[in-house]
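The structure under discussion appears below in the form of structure tokens.
The values are calculated or read from the model by the stated rules, or taken from the named source; none is laboratory data. Keep in mind the model is a prediction, meaning the values are calculated, not measured. Because the Cβ atoms are built from the backbone with ideal geometry, glycine has one as well, and the counts that use them run over all protein chains shown. The protein model used for the area step is the full one, side chains on, heavy atoms only, and it has no ligands, DNA or RNA in it. Shrake-Rupley method; radii C 1.70, N 1.55, O 1.52, S 1.80 Å.
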Amino acid sequence: HPGRLFAAMTTALIGCDATEVAALADDEPRVLALVERFCGYRDSWRARGFGTMFRRWLRDDGIDSRLLARRDGERRLTNLLHLAELLQDTAASAMAPEALVRWLADRRDAPPADEELALRLESDQNLVQIVTIHKSKGLEYDVVFCPFLWTKPPAPRQPDDWREYHDADGRLVLDFRPQARDDPAIRQRCVREHHAESLRLIYVAMTRAIHRCYLVAGLYHESPGGSEPRIGDSASCLLNWLVDDSRTAFDDWLTAAKAPQAIEASWHRFAHTLGSACRLETLAADPAAAAAPLPAPELELQPPPAPPPVPLPWRIGSFSGLAHGAADDAAAAADHDARAIAADESRADSPVAADDFLRFPRGASAGDCLHAAFERAEFTDPASWGPAVERALAAHPQRLPKLDDAEAQPLLKAMLSNALSNALTARLPGGLTLASVPPRSRRVELAFHLPAAGVRDAPLQSLLGDHGYAVAPLRFEPLDGYLNGYIDLVFEHAGRYYIVDWKSNHLGWRRDDYEAASIAQAMRANRYPLQYLLYALALHRHLGRRLPGYDYERHFGGVYYLFVRGLRPQWSGDRNNAPGVLFDRPRRDTIGALDALIGGAAS
């Protein structure tokens, strides 16, 4: 759909301006390449999932670099990645792209108060981050605080039955000899290597800072058992050895006693040597006062007023556009079970035969195949049903899982033949069968265009509710132009005109799944009442112009929605409660109100 494609190119994510789009529209090879690229994204989504497609699109179209070039780029990119994460989590439940789009629209209109939807910080560069020294290796921070390097590292913890150290040649030794556990030389070597590793970590911590590093250094007192304070292990801490200017050897530092005055003097000399690059201050004994908040900016900036909205162009809409937000006029003829949900075969009342139509593939292609069979079949001539099935399968090839083509084709033909026969011979409410309708009394795929002026979702939703038609929420762009569609079948019987719509939706494996309650639920969820009211309005207008003396009450017979997977002789019920069948004859005032709203009179 070129309009949708060009609109996508102008978003902030892809970033084309009007000049680039105009040049693109005049360059057919570029348009074809663009279409091919987006088709690749679509195929990747359907085959490998939303997350894979999103990452590919982010990389191939340079989305992240384009967003980060903006002043608020980090905020935008964080929001986009957060949104993609939510969509990927939701799509993990095998949700089709169309269903995921509807889920997103629902959350935009009424977002739940989930913690996972809270706005995320776009950057942590202005936050205080507390990390271990091990984790900080290789990273840099503007300002680093090292408050705990003044303590002496604890003694090494060695396993009970072996010792780990390096020999005089620097080779790693794992010593399992019993005498190694008590050997003083080995113990000293292990202690030395342990403290050397601690010294390395101190170096790592102190070299993370870009601009400034704060160290807490020096000595502290211990008061064990209430005795007089004394200098503890802080005198031997490795941080003090780094500034010791007496050139004490590392091994000696770990064992020899140090004078506190000498250590403090070393820190002062160290600070004096570095000059302005280092400042030595006494650590305050009292708790620090809370930092005062930053003053509010004196200048309050206000965004300019938003420009007036650009009116939507004249366009052609469809039931799919009104019901699912898919403003693609080609979608009017492609709603054939595109949103079916797989059912669990274990819920079947009895084993399902291999050639049962319940096993027929699901989805848009399967729906197209079913419709093609009905279009090609001569209802009153059973001899034509087999060739119609063969031509439908040739035009819309189907596959069965775990079977090769040679094994699958006979089963597919039997499934579709059974469905065709069951549907055409089923006794519908009112006592008629479609197999008795002659060719001169029916039309298949009857196309229509209804002039539409100012159709809005809220008034349409309200009209449906006021007339007793409960459907899932409608969300679509205002429509000015035409509503088009294709009615599967219109036929005349006993002076009345009827509408038939074939549905291949898989509602389940049992008869109960195709009873009135289940069908009503599927009708509401897929907004099918809106579909057949539009069909009824189109037929009403058509008959009013073509049928002399037309009267709605006398000539309009009603609407049949036939869920073909539920039409089967063994599930047959009474005339008014046949599984797989929904019949409705909308009231005249309902069609009149819809006529006024679609034509603009209601507004």
Exercise. Non-local amide H neighbours of PHE556 (under 5 Å, H modeled in plane, Pro and chain starts lacking H): which ones?
Worked result: TYR497
Seminar exercise, completed: Contact order relative to length for the chain, counting C-alpha pairs under 8 Å separated by 6 or more residues, stands in percent at 10 percent
For this session: Express in whole angstrom the spacing between the alpha-carbon centres of the range 414-429 and the range 1-65.
Result: 44 Å
Seminar exercise, completed: For the range 394-512, the per residue accessible area (1.4 Å probe, Å²) is 44 Å²
Problem set entry | Sequence-separation-based contact order of the range 465-519, relative, with Cα cut under 8 Å and 6+ spacing, percent | 17 percent
Problem set entry | Carbon and sulfur %, accessible surface of the chain computed with the full protein complex present, 1.4 Å | 54 percent
Exercise. Is the shape of the range 129-193 best called rounded, prolate or oblate, per the rule: a/c under 1.5 gives rounded, else a/b larger than b/c gives prolate, else oblate, with a ≥ b ≥ c the square roots of the Cα gyration tensor eigenvalues?
Worked result: prolate
Exercise. If you plug each phi of the range 468-481 into the Karplus form 6.51 cos²θ - 1.76 cosθ + 1.60 with θ = phi - 60°, what whole-Hz ³J(HN,Hα) values come out, in order, with x for Gly and Pro?
Worked result: x, 10, 8, 10, 4, x, 9, 9, 8, 5, x, 10, 10, x
Problem set entry | Three-way shape label, the range 49-159, alpha-carbon gyration tensor, a/c 1.5 | prolate
Exercise. With the dipole of the range 1-153 worked out from charges on the C-beta (+1 for Lys and Arg, -1 for Asp and Glu) around the Cα centre, which of PRO97, TRP57, ILE130 lies farthest toward the positive end?
Worked result: ILE130
Seminar exercise, completed: Given backbone amide H placed at 1.01 Å from N, residues whose amide H is under 5 Å from that of GLY485, ignoring those fewer than 5 places away on the same chain, are PHE448
Problem set entry | 3J(HN,Hα) from dihedral phi, the range 142-149, Karplus parametrisation 6.51/-1.76/1.60, rounded to Hz, x for glycine, proline | 4, 10, 10, 10, 10, x, 10, 8
Problem set entry | On Cα atoms only, tilt of 260-274 relative to the major axis of the chain in degrees | 70 degrees
Exercise. Where in the range 56-165 are there chymotrypsin sites (Phe, Trp or Tyr not before Pro) that are in a DSSP coil and have at most 12 other Cβ atoms within 10 angstrom of their Cβ?
Worked result: PHE148
For this session: For ASP381 paired with ARG177, estimate the spin-label separation in nm (one decimal), with each label point 7 Å from Cα along the Cα-to-Cβ line.
Result: 10.3 nm
Problem set entry | Exposure rank, largest accessible area first [THR433, THR19, THR590; 1.4 Å] | THR19, THR433, THR590
Problem set entry | Reachable aspartates and glutamates, given that their alpha-carbon falls under 19 Å from the alpha-carbon of LYS135 and they are not under 8 places away in the same chain | ASP124, GLU197
Exercise. Across the range 425-440, in residue order, what do the Karplus-derived ³J(HN,Hα) couplings come to in whole Hz, using 6.51 cos²θ - 1.76 cosθ + 1.60 with θ = phi - 60° and x for Gly and Pro?
Worked result: 9, 5, 7, 8, x, x, x, 9, 10, 5, 5, 9, 8, x, x, 5
Exercise. Given Cα pairs under 8 Å that are at least 6 residues apart, what percent is the relative contact order of the range 478-563?
Worked result: 41 percent
Exercise. Roughly how tilted is helix 97-109, in degrees to the nearest 10 and between 0 and 90, from the longest Cα axis of the chain?
Worked result: 70 degrees
Seminar exercise, completed: As straight-line cross-link partners of LYS258, the qualifying lysines (C-alpha separation under 30 Å, not fewer than 8 residues apart within one chain) are LYS152
Problem set entry | Accessible surface, the range 57-190, averaged per residue in Å² (probe 1.4 Å) | 73 Å²
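Exposed loop GluC sites (Glu not before Pro) only (DSSP loop, at most 15 other Cβ atoms within 10 Å): please give the longest stretch of the chain free of them, not including the sites. Write out the running numbers ahead of the final one.
Numbers: sites that count: GLU140, GLU281, GLU298, GLU300, GLU378.
Within the chain, the longest run free of exposed GluC sites (Glu not before Pro) spans 379-603.
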